[in-house]
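Each remark here refers to the structure printed beneath this line.
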Amino acid sequence: MREAPSTSRGRTQLSTSMSADAIDVLSLVHINLRRALGAGPMNGESSGLFASVPLLPALGVAAALVVVLSLVVVFVRNQGGKSRGALKSSIFKKAEEAATEEDVRPRVLILFGTQTGTAERFSKQLKSELAVRYGDGNRYEVLDMEEYKPENLHKEKVVFFMMATYGDGEPTDNAADFYNWLTKTASEADKGIGSAGLLETLSYGVFGLGNKQYEHFCAVGKRVHKALGVLGAKALVRRGDGDDDEDIEADFESWRTELYAGLDKCEVLVKSSDGGSGVTQIVAAAESVPSYQINILTGSEAANAEDVSSAPPVSGDGTSKDSPFLSTVSVMRELHTPQSDRSCVHVELDVSGSNITYEAGDHIAILPENGEDVISRAADVLGYPLDTVIQLAIPEGSQSSLAPPFTSKAITLRAALARYVDLLSPVSKPALQALSAFAAGEEQARLRRLLSPDGAAEYKAWHQQSRSLLEVMEEFTSCRPPLGAFFGSIMQRLQVRFYSISSSPAMHPKSIHITCAVVYMKTATGRMHEGIASYYLKQQKPGALVPVFIRHSSFKLPKELTTPIVMVGPGTGLAPFRGFLQERAELVKSGKKLGPAYLFFGCRNREQDYIYQQELERYEQSGAVDRLFVAFSREGKQKDYVQHHIAREASLVAPLLREGPESQGIFYICGDAKNMAKDVARTAVKIMADAEGISTAEAEARLKRLGDTSRIQRDVW
């Protein structure tokens, strides 16, 4: 049975129309075959097309039949494979018309580089608004950057780039190849090696996504914008910088408003409809919300549905996000003592049987699941039992911008909510727009006010309270969207979570270790928030299967073993350095000569959260690390942090921060970007200024140069 109005009539019409056209051709073939063989027409046959044509010899007709039947087959296949977008005015065309049909509308391309899904969501939102505002005179396409060949960029006319910055000013995984090609090509053109006018026919816009708490805020968006300009492309709008620490939705809305104002004044796009002022509100009524067709299955059809009682449906080798591997939990233990009111777990994942290779400093991605309590609450607000078996599909003949569903196979509502829906992250504005269509009375009025220009200040304050999708649906009790609309336009996909690997393959070649702080905190609304991935990991028992894949990092030990290093990693920032120390311990065992290594670790109290204490002390005794400095921030009357210990050990640290051919030290920082990393950087600047008698500005410039040459490396979040 179906949860939404059936569209099966469209399928019937499709097969009937195809059959009718095919039968017309076959009828003509049949009639002329009879004539060629000397038989008269059957009762009711019209001589029609062949009335004045002399009868063909039988052999000639047989040859003609082969050709005609081949055309029929091609015709049928063409009809079956034709995109739904081509069925707008009349569902079917004759074979000869389909063969010559081509979409000649100018293409407007939107490329995204994303790590958490926000840039992808913004891209789809921009596509929908452009289509509504400027009509179907243009062909709008959204593409993942890793699916696009950058060498074709010079052929494009209009491209918008949604560029997230990850980690220490780096491109996201899916954007890395495109980014590297673009920046390299621009650099060569700047030096006179390549063509500075390569992209002179391209008009573009760039919106960067980042967080101002990071040193390299929106660095990737800035570099992409600059590179495009170097290659001769023309900007349609200023570069947008979205700050996730404040209100990235408002930043994106402001940028779009300026973009549309610019597009309205130029002739870059074909304009077949009139756009209003400002940002287009595309959701006005429930029937306009793009929705999947939902089939509710029972009996034998539901027998083999995906459920959380079975392993996640992945069977890859773990080498990329498209090929996750089902690792096995071999060890799970708590690292904090019973005196601590927080939790941090040590997890070991067996990756035997995979093609995974890793190095100390790499990252592991976890595909988490929502907990039972969370999905039970979600099922309650949706009004369906968790055991309901559903099947999602794009409605046939649909003209909406719906992406393919997360699965086209039978799946229980429990598994869909657990594995694919982000229920606990802050709700997005497009999701609120769609939800408002299904609200009623005062609740609908309140939501629409929040989404209106007059409610901008109220929305900003409301949004900064980090209300999750589940929380909003529980608050606005009249919002009861159909399942098709919920999965099609309201939910956001549950994203992978990355962790710095806390082991080395030199010691653990088939096991990957994770050091995970379990997130459990009270939000501004009073809700107790559980970290999706950290809470999921903590619930796993030895033997459990966890989908994972590896992301390689540039955060690595120096190739030259005698290079001195400083490692700064309080809390779980210790993770990659634990891998470094395991590797150095193996090198010490093999008799290798190593450069000096200093580790600055920090925690609150040695009796509560001094993780891996005995292990670290053993490494110091063995020579894997020369000096271990530990800051206990809550033991004394004054806070004591890692930067205070670094300042006290300036004589050890300063030589590693020098420039010149004789200076080869590397300074590593891992952990909190918002406070710790900045405090450590300020301390390093002061050490350089004091040690060498240079100004603060000169020391800051040197710090930047050291970062540019990878002598300062950061793995921060």
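The values are calculated or read from the model by the stated rules, or taken from the named source; none is laboratory data. Not measured: the values here are computed from a predicted model. Here the Cβ is made from the backbone with ideal geometry for all residues, glycine too, and neighbour counts use every protein chain on show.
Hey, which of the strands (runs of 3 or more DSSP E) in segment 557-633, taking only ones fully inside, have at least 1 residues that are under 36 Å from the mean Cα position of the chain (by Cα), of a type in the set (A, V, I, L, M, F, W, C) and buried (at least 19 other Cβ atoms within 10 Å of the Cβ)?
Passing ranges, in order: 565-568, 597-603.
Given (1) among the aliphatic types (A, V, I, L, M); (2) more than 29 Å from residue 430 (Cα to Cα); (3) in a helix (DSSP H, G or I), identify the lone condition not met by residue 250.
(2)
Here is a check on your reading of the model: is residue 269 at pLDDT 95 or above and of a type in the set (A, V, I, L, M)?
It is false that residue 269 is at pLDDT 95 or above and of a type in the set (A, V, I, L, M).
I want to confirm something. Restricting to segment 180-228 and keeping residues that are assigned to a helix (DSSP H, G or I) and in contact with a Leu (Cβ under 8 Å, 6 or more places away or on another chain), which single residue is nearest to residue 673 (Cα to Cα)?
Ranking the qualifying residues of segment 180-228, first place goes to 221.
When you scan segment 667-702, how many residues do you find that are surrounded by fewer than 18 Cβ atoms within 10 Å (Cβ to Cβ), modelled with pLDDT under 95 and not in a loop (DSSP other than H, G, I, E, B)?
So the count comes out to 2.
Among (1) of a type in the set (Gly, Ala, Ser); (2) in contact (Cβ under 8 Å) with a residue 60 or more places away in the chain; (3) under 25 Å from residue 310 (Cα atoms); (4) in a loop (DSSP other than H, G, I, E, B), there is one condition residue 353 misses while meeting the rest; what is its number?
Failed condition: (2).
Regarding residue 391, is this residue in contact (Cβ under 8 Å) with a residue 12 or more places away in the chain and either touching a helix residue (DSSP H, G or I) at 6+ places or on another chain (Cβ under 7 Å) or closer than 29 Å to residue 501 by Cα (or both)?
In short, no.
Please find, within segment 146-179, the residue that is nearest to residue 115 (Cα to Cα) out of those that are assigned to a loop (DSSP other than H, G, I, E, B) and more than 23 Å from the chain's Cα centre (by Cα).
156
Could you list, in sequence order, all residues of segment 403-414 that are of a type outside the set (Lys, Arg) and within 20 Å of residue 322 (Cα to Cα)?
Result: 403, 404, 405, 406, 407, 408.
Cβ-Cβ distance below 9 Å, separation of 6 or more or different chains: which pairs start in segment 505-524 with a residue that is more than 13 Å from residue 536 (Cα to Cα) and at pLDDT 95 or above and end on one that is part of a loop (DSSP other than H, G, I, E, B) and aromatic (Phe, Trp, Tyr)?
505/358; 512/358; 515/612
Pairs under 6 Å by beta carbon, first residue farther than 18 Å from residue 377 by Cβ in segment 418-443, partner surrounded by 21 or more Cβ atoms within 10 Å (Cβ to Cβ) and among the polar types (S, T, N, Q), six or more apart or different chains?
430/125; 434/489
Hey, does segment 537-547 have a residue that's aliphatic (A, V, I, L, M), over 25 Å from the mean Cα position of the chain (by Cα), farther than 25 Å from residue 368 by Cα and outside the structural domain of residue 683 (by TED's automatic domain parsing)?
No, the conditions are met nowhere in segment 537-547.
Among (1) free of Cβ contacts under 8 Å to residues at least 12 places away in the same chain; (2) under 23 Å from residue 582 (Cβ atoms); (3) in a loop (DSSP other than H, G, I, E, B), where does residue 638 come up short?
(2)
Suppose we filter segment 400-439 for residues that are out of contact with any strand residue (DSSP E or B) (no Cβ under 7 Å at 6 or more places or on another chain) and charged (D, E, K, R); how many remain?
3
Can you name every residue in segment 216-229 that is at pLDDT below 95 and over 22 Å from the mean Cα position of the chain (by Cα)?
Passing the criteria: none in range.
Out of curiosity, is residue 458 of a type in the set (D, E, K, R) and buried (at least 19 other Cβ atoms within 10 Å of the Cβ)?
no
Of (1) at pLDDT 90 or above; (2) in contact with an Asp or Glu (Cβ under 7 Å, 6 or more places away or on another chain), residue 324 satisfies all except one. Which?
For residue 324, the exception is condition (2).
Please go through segment 486-532 and give me each residue that is of a type in the set (A, V, I, L, M) and within 15 Å of residue 422 (Cα to Cα), ordered by number.
Of everything in segment 486-532, those that are of a type in the set (A, V, I, L, M) and within 15 Å of residue 422 (Cα to Cα) turn out to be 490, 491, 494, 496, 532.
Please enumerate the residues belonging to segment 160-181 that are surrounded by fewer than 23 Cβ atoms within 10 Å (Cβ to Cβ) and not aromatic (Phe, Trp, Tyr).
Once the filter is applied, which keeps residues that are surrounded by fewer than 23 Cβ atoms within 10 Å (Cβ to Cβ) and not aromatic (Phe, Trp, Tyr), segment 160-181 yields 167, 168, 169, 170, 172, 173, 174, 176, 177, 180.
Which numbered condition in (1) more than 20 Å from residue 610 (Cα to Cα); (2) under 27 Å from the mean Cα position of the chain (by Cα); (3) in a loop (DSSP other than H, G, I, E, B) is the only one that residue 503 fails?
Failed condition: (1).
Please verify whether residue 350 is buried (at least 16 other Cβ atoms within 10 Å of the Cβ) and of a type outside the set (Phe, Trp, Tyr), treating the condition exactly as stated.
For residue 350, the condition - buried (at least 16 other Cβ atoms within 10 Å of the Cβ) and of a type outside the set (Phe, Trp, Tyr) - is met.
Considering each residue of segment 342-398, count those that are closer than 17 Å to residue 484 by Cβ and either modelled with pLDDT under 95 or of a type in the set (Asp, Glu) (or both), and give that number.
5
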